[in-house]
Amino acid sequence: MYTLEVPILANVVVTRRCNLSCSYCNQYDNVSPPVPASTLRRRLELLAQLGTLAITFTGGEPLLHPEITTLVAEARRYGAICTLNTNGYLVTPALIEQLNQAGLDYLWISIDNATPDEASNKSLKVLDRKLEWLAKFATFHVTVNSVLGAGVRHPEDAHTIARRARELGHKSTVGIIHGEGGQLIQLEPQQRHVYARIQGERTEGVFWLAHYDSFQESLISGRPNDWHCTAGGRFLYICEDGLVSYCSQRRGEPGVPLEQYTTQMVVAEAAKKKPCAPFCTINCVQQVAYLDRIRANPKQAFEKIVEHRRRMDPSFRTPLGLRLLNSMFLEGKGSRLWTKAAILALGLRNLKPHTHCDHG
Ligand code: SF4
Ligand code: SF4
């Protein structure tokens, strides 16, 4: 049976340390040691016991963890979809091969600008070679995330990065750099223009566009989103100390050790109203909510997806895959397996923080 009692996604911090120091980031230090692999293995076991469907390894910079590839393999052994987000600096052909072998499903790489500046060194100039290696050697999906917002000196860079990512066969997304508590800082007209330009050139599938745009488009226009945040239940953020938090921007709430986290807590926290929801920019949590929205009212959700797509392209015809998924949901054959199939089919490879620093 499909159930609301299990986490869909957990972001697991494997080290707080980062090899960069982006000026807008509140998610790193340059001293913390990696969380011991044995501790992380235990956390993966506990998450599996809760029924968690997908794990994202994050940080800091998760590739600094000396046992990251064995941790990926461990998460996959539990049957979870496994993703990893990175600033890309440590990507090499040898590491890509190790991640292939470990069974990584998705990798997120975050690029902030075309050339390094005082705010960030995550630039296309430095990382382009890494993107080429990923295009050539990776058997997992790669998504390149660029950003718009405060601290990005040249908004047009986001377009350059998105175009290059697609040229190499990677997916691309655009995130919004947030203010305190994950809240929206209004975008300037030029930033909104760049966003519209990138969206206009998108080639990704219908689901990708539908779920990603609906939240993001409101925020880009400065409008609140009407949604229920299920963080603490359907989404978990596990910090380096093993505490469960709502997300990277509300660390310490509820702040319960994962060892003590129960299914009852998953249900109770998912149900709690979060006052920060309307202007929240944490995409991965919104995408988890999107999945539940589909499950709650599949017919309406699918109609909205098609309607949204037709607004963008009047000649749009519902593809066979969408019709199949529609019947799958409508027939109510919900199960753990179906949910995982939906995560994959719905492009929820997008289940990640929208900038590297946000980490859910
Ligand atoms: S709405 Fe949810 S995801 Fe967003 S900041 Fe609040 S708790 Fe975090
Ligand atoms: S944004 Fe990412 S790369 Fe930059 S300092 Fe933060 S964790 Fe490191």
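Quick check on this structure: which one of PRO116, PRO34 is free of Cβ contacts under 8 Å to residues at least 24 places away in the same chain and either assigned to a strand (DSSP E or B) or touching a Lys or Arg at 6+ places or on another chain (Cβ under 9 Å) (or both)?
On the way: PRO34 fails: free of Cβ contacts under 8 Å to residues at least 24 places away in the same chain.
Only one candidate passes the filter, namely PRO116.
Would you say ALA301 is buried (at least 17 other Cβ atoms within 10 Å of the Cβ), within 16 Å of ligand 1 (Cβ to nearest atom), among the small types (Gly, Ala, Ser) and within 22 Å of THR173 (Cβ to Cβ)?
Numbers: buried (at least 17 other Cβ atoms within 10 Å of the Cβ): yes; within 16 Å of ligand 1 (Cβ to nearest atom): no; among the small types (Gly, Ala, Ser): yes; within 22 Å of THR173 (Cβ to Cβ): yes.
No: the conditions fail for ALA301.
Table: residues versus (1) hydrophobic (A, V, I, L, M, F, W, C); (2) surrounded by 22 or more Cβ atoms within 10 Å (Cβ to Cβ); (3) away from ligand 1 (no atom under 12 Å from the Cβ).
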{"site": "CYS247", "(1), (2), (3)": "yes, yes, no"}
{"site": "ARG251", "(1), (2), (3)": "no, no, no"}
{"site": "PRO257", "(1), (2), (3)": "no, no, yes"}
{"site": "GLN264", "(1), (2), (3)": "no, no, yes"}
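Within region 81-100, does at least one residue satisfy the condition of being more than 16 Å from ligand 2 (Cβ to nearest atom) and on the phi > 0 side of the Ramachandran plot? Before you say what the answer is, go through the steps one by one.
Here is the first cut: in region 81-100, the residues more than 16 Å from ligand 2 (Cβ to nearest atom) are 81-82, 92-100.
Those left that are additionally on the phi > 0 side of the Ramachandran plot: none.
Within region 81-100 (the criterion being more than 16 Å from ligand 2 (Cβ to nearest atom) and on the phi > 0 side of the Ramachandran plot), the answer is no, since none of the residues qualifies.
Checking the structure you have, find out if any residue of region 290-305 is within 22 Å of the chain's Cα centre (by Cα), within 20 Å of PRO224 (Cα to Cα) and within 16 Å of ligand 2 (Cβ to nearest atom).
No, the conditions are met nowhere in region 290-305.
Of all residues in region 167-184, which are within 16 Å of ligand 2 (Cβ to nearest atom) and modelled with pLDDT under 75? Full working, then the answer.
Residues of region 167-184 that are within 16 Å of ligand 2 (Cβ to nearest atom), as a first pass: 173-180, 182.
Correct list: ILE176, ILE177, HIS178, GLY179, GLU180, GLY182.
Taking region 247-271 as the region of interest, how many residues are touching a residue at least 24 places away in the same chain (Cβ under 8 Å) and assigned to a helix (DSSP H, G or I)?
Qualifying residue count for the region: 13.
Mind listing whichever residues of region 123-139 are touching a strand residue (DSSP E or B) at 6+ places or on another chain (Cβ under 6 Å) and more than 13 Å from ASN87 (Cα to Cα)?
LEU134
Restricting to region 272-300, name every residue that is aliphatic (A, V, I, L, M) and free of Cβ contacts under 8 Å to residues at least 12 places away in the same chain.
Within region 272-300, the subset aliphatic (A, V, I, L, M) is 277, 282, 285, 288-289, 291, 294, 296.
Listed by number, the list holds a single entry, ALA296.
Which residue is modelled with the highest pLDDT, if the candidates are limited to region 119-138 and must be outside any helix (DSSP H, G or I) and closer than 16 Å to HIS170 by Cβ?
Here is the first cut: in region 119-138, the ones outside any helix (DSSP H, G or I) are 119-123, 138.
Applying the additional criterion that residues be closer than 16 Å to HIS170 by Cβ yields 122, 138.
On the way: LYS122: 93, ALA138: 98.
Selected residue: ALA138.
Within region 64-113, how many residues turn out to be in contact with a Gly (Cβ under 8 Å, 6 or more places away or on another chain), farther than 20 Å from PRO36 by Cα and in a strand (DSSP E or B)?
2
Out of everything in region 202-225 that is part of a loop (DSSP other than H, G, I, E, B) and at pLDDT below 75, what residue ends up being surrounded by the fewest Cβ atoms within 10 Å (Cβ to Cβ)?
Residues of region 202-225 part of a loop (DSSP other than H, G, I, E, B): 202-205, 221-225.
This time we only want the ones that are at pLDDT below 75, so: 202-205.
On the way: ARG202: 17, THR203: 9, GLU204: 15, GLY205: 16.
Only one residue tops the list, namely THR203.
What number goes with the only condition from (1) in contact (Cβ under 8 Å) with a residue 24 or more places away in the chain; (2) out of contact with any strand residue (DSSP E or B) (no Cβ under 7 Å at 6 or more places or on another chain); (3) surrounded by fewer than 21 Cβ atoms within 10 Å (Cβ to Cβ); (4) hydroxyl-bearing (Ser, Thr, Tyr) that SER21 does not pass?
(1)
Kindly establish whether LEU344 is hydrophobic (A, V, I, L, M, F, W, C), part of a helix (DSSP H, G or I), modelled with pLDDT under 90 and surrounded by fewer than 13 Cβ atoms within 10 Å (Cβ to Cβ). Can you show your working first?
Working: hydrophobic (A, V, I, L, M, F, W, C): yes; part of a helix (DSSP H, G or I): yes; modelled with pLDDT under 90: yes; surrounded by fewer than 13 Cβ atoms within 10 Å (Cβ to Cβ): no.
For LEU344, the condition - hydrophobic (A, V, I, L, M, F, W, C), part of a helix (DSSP H, G or I), modelled with pLDDT under 90 and surrounded by fewer than 13 Cβ atoms within 10 Å (Cβ to Cβ) - is not met.
Is it true that GLN49 is within 16 Å of ligand 1 (Cβ to nearest atom), out of contact with any strand residue (DSSP E or B) (no Cβ under 7 Å at 6 or more places or on another chain), within 25 Å of GLN260 (Cα to Cα) and not aliphatic (A, V, I, L, M)?
Values: within 16 Å of ligand 1 (Cβ to nearest atom): no; out of contact with any strand residue (DSSP E or B) (no Cβ under 7 Å at 6 or more places or on another chain): yes; within 25 Å of GLN260 (Cα to Cα): yes; not aliphatic (A, V, I, L, M): yes.
No, not satisfied.
Of the residues that sit in region 10-46 and are within 18 Å of ILE282 (Cα to Cα) and of a type outside the set (S, T, N, Q), which one is nearest to ligand 1 (Cβ to nearest atom)? Steps first, answer last, please.
Filtering region 10-46 for residues within 18 Å of ILE282 (Cα to Cα) gives 10-13, 24-28.
Now drop any that are not of a type outside the set (S, T, N, Q), which leaves 10, 12-13, 24-25, 28.
Working: ALA10: 13, VAL12: 16, VAL13: 15, TYR24: 16, CYS25: 16, TYR28: 18 Å.
Among those residues, the one meeting the criterion is ALA10.
If you go through region 226-246 one residue at a time, do you hit one that is within 20 Å of the chain's Cα centre (by Cα), assigned to a helix (DSSP H, G or I) and at negative phi?
no
Look at ILE282 and say whether it is on the phi < 0 side of the Ramachandran plot, within 15 Å of ligand 1 (Cβ to nearest atom) and touching a helix residue (DSSP H, G or I) at 6+ places or on another chain (Cβ under 6 Å). Before the answer, list the steps.
On the way: on the phi < 0 side of the Ramachandran plot: yes; within 15 Å of ligand 1 (Cβ to nearest atom): yes; touching a helix residue (DSSP H, G or I) at 6+ places or on another chain (Cβ under 6 Å): yes.
Yes; evaluated as a whole, the condition is true for this residue.
The values are calculated or read from the model by the stated rules, or taken from the named source; none is laboratory data. What you see is a predicted model; the values in this text were computed from it and never measured. Don't worry about glycine lacking a Cβ; one is built from the backbone with ideal geometry, like all the others, and counts go over all protein chains shown.
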